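Asker: Structure incoming, see below.
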Amino acid sequence: MSREEIDRLRSRLQSARRITALTGAGISADSGIPTFRGSDGLWKNFRPEELATPDAFRRDPATVWEWYDWRRRIIATKAPNPGHIWLARMEKRWPSFHLITQNVDGLHALAGSRRLIEMHGNIWKTRCTRCGVVEEDRRVPLPIPPSCSTCGALLRPHVVWFGESLDPEELATCMAWLRDAEVFFVIGTSGVVQPAASFAGMARQAGSFVVEINLEPTPITEQADCSIRGRAADTIPRLLGES
Ligand code: BV8
Ligand code: ZN
């Protein structure tokens, strides 16, 4: 993206009031967390789609928990990067700035984002498979498999697995936020996983100016009004304030 294109985008942001951003694993890559489909994202040669499913958990809860515990150990040592931090700052500068993340690592909340929906859940929360109680559990490492402190039954990660539906209320709020946005950012996502992968097209249809930030082209690129090739941790601060 040229200097003048960046300047044009920056002035559009100055005059905008309602901005929504959708992030994926790419924004946390700059904090050292492996992405899903990047080469460093594999664990014991399993693909995420093979482990992040109710069937995998029913068949072998210990292996699924080992994968989550491996990810929790990595995430526990990582911090929000300038991409997370500048998006959190946007809440103060734009009263109608909203953030939707596909990530379960909790780094946006750690960076201070509050108008935030973690649409695929949070890796630091567990949910009881019997009594349904949801708790924050930051033990590293976890006893595997962890059991409910209330009823003793098996706990599962409080995340949305492939084949599971998202929380309907949260999904409705995401729709309202993307329809209402004058500018819709899509940052660090391969645009593969539904329904998040459809958000950019919906926002565009509702009249948003869609800005993609990614290292490489994705299926979202042709739906975007502009697509910036770059790291989220460098590009977001450059667009929103000091470079
Ligand atoms: C549902 C939580 C109703 C668990 C995750 C319609 C069409 C086709 C398929 C479907 C469909 N509807 C439903 C499906 C099935 C499925 C699906 O989408 N499958 C895909 C694989 C085709 N969807 C569902 O099941 C969803 N449920 O729709 O309910 C329903 C139910 C049944 C049947 C029909 C409908 C639920 C999906 C939720 C899955 N859970 N995570 C966990 O994390 O353990 S998804 C998982 O992938 C993560 O959340 C992750 O965030 C997400 C998306 O991946 P990305 O974030 O994009 O990460 P990725 O590695 O792929 O890409 C990183 C990108 O960053 C790259 O582009 C890279 O270039 C870029 N990058 C890297 N570094 C940087 C960078 N960019 C900028 N800066 C950098 N430094
Ligand atoms: Zn219980």
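Asker: Would you tally the residues in the range 156-183 being charged (D, E, K, R) and assigned to a strand (DSSP E or B)?
Answerer: 1
Asker: To continue, here is another question. Could you grab me the full set of residues in the range 217-233 that are under 16 Å from Thr23 (Cβ atoms) and more than 18 Å from the chain's Cα centre (by Cα)?
Answerer: Matches in the range 217-233: Ala224, Ser227, Ile228.
For (1) farther than 17 Å from Glu136 by Cα; (2) acidic (Asp, Glu); (3) in contact with a Cys (Cβ under 8 Å, 6 or more places away or on another chain), each residue gets a yes or a no:
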| position | (1), (2), (3) |
| --- | --- |
| Lys44 | yes, no, no |
| Glu50 | yes, yes, no |
| Ala56 | yes, no, no |
| Arg72 | no, no, no |
| Ala76 | no, no, no |
| Ile85 | yes, no, no |
| Ala88 | yes, no, no |
| Ala111 | yes, no, no |
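Asker: If you don't mind, another one. Are any residues in the range 203-220 in a helix (DSSP H, G or I) and either surrounded by fewer than 17 Cβ atoms within 10 Å (Cβ to Cβ) or within 7 Å of ligand 1 (Cβ to nearest atom) (or both), and if so, which ones?
Answerer: Residue satisfying the conditions is Gln205 alone.
Asker: Residues in the range 111-143 that are of a type in the set (A, V, I, L, M) and more than 16 Å from ligand 1 (Cβ to nearest atom): how many?
Answerer: 2
Asker: Right, here's the next one. Please identify the pairs in which a residue from the range 33-57 that is of a type outside the set (S, T, N, Q) has its Cβ atom under 9 Å from the Cβ atom of a residue that is at pLDDT below 80 and not in a loop (DSSP other than H, G, I, E, B), counting only partners at least 6 apart or on another chain.
Answerer: These pairs meet every condition: Pro34/Asp40; Pro34/Gly41; Pro34/Trp43; Arg47/Gly41; Pro48/Gly41; Leu51/Trp43.
Asker: Given the criteria surrounded by fewer than 17 Cβ atoms within 10 Å (Cβ to Cβ), out of contact with any helix residue (DSSP H, G or I) (no Cβ under 9 Å at 6 or more places or on another chain) and of a type in the set (S, T, N, Q), does Ser149 qualify?
Answerer: yes
Asker: Right, something else. I'm told Ala79 meets every condition in (1) under 27 Å from Glu49 (Cα atoms); (2) away from ligand 1 (no atom under 13 Å from the Cβ); (3) in a strand (DSSP E or B); (4) among the hydrophobic types (A, V, I, L, M, F, W, C) except one. Can you identify the failing condition by its number?
Answerer: Tallying (1) under 27 Å from Glu49 (Cα atoms); (2) away from ligand 1 (no atom under 13 Å from the Cβ); (3) in a strand (DSSP E or B); (4) among the hydrophobic types (A, V, I, L, M, F, W, C), Ala79 fails exactly one: (3).
Asker: Go through the range 10-27 and count every residue that is in contact with a strand residue (DSSP E or B) (Cβ under 9 Å, 6 or more places away or on another chain) and crowded, with 18+ Cβ neighbours inside 10 Å.
Answerer: Residues flagged as in contact with a strand residue (DSSP E or B) (Cβ under 9 Å, 6 or more places away or on another chain) and crowded, with 18+ Cβ neighbours inside 10 Å within the range 10-27 amount to 9.
Asker: Which one of these is modelled with pLDDT of 95 or more, more than 16 Å from ligand 2 (Cβ to nearest atom) and farther than 16 Å from Leu22 by Cα: Val140, Val133?
Answerer: That would be Val140, the only listed residue that is modelled with pLDDT of 95 or more, more than 16 Å from ligand 2 (Cβ to nearest atom) and farther than 16 Å from Leu22 by Cα.
Asker: Moving to a separate point now. Would you mind listing the strands (runs of 3 or more DSSP E) fully within the range 87-155 where at least 3 residues are free of Cβ contacts under 8 Å to residues at least 60 places away in the same chain and in contact with a Pro (Cβ under 9 Å, 6 or more places away or on another chain)?
Answerer: 121-128
The values are calculated or read from the model by the stated rules, or taken from the named source; none is laboratory data. Quick caveat, the model's predicted, so the values are computed rather than measured. Don't worry about glycine lacking a Cβ; one is built from the backbone with ideal geometry, like all the others, and counts go over all protein chains shown.
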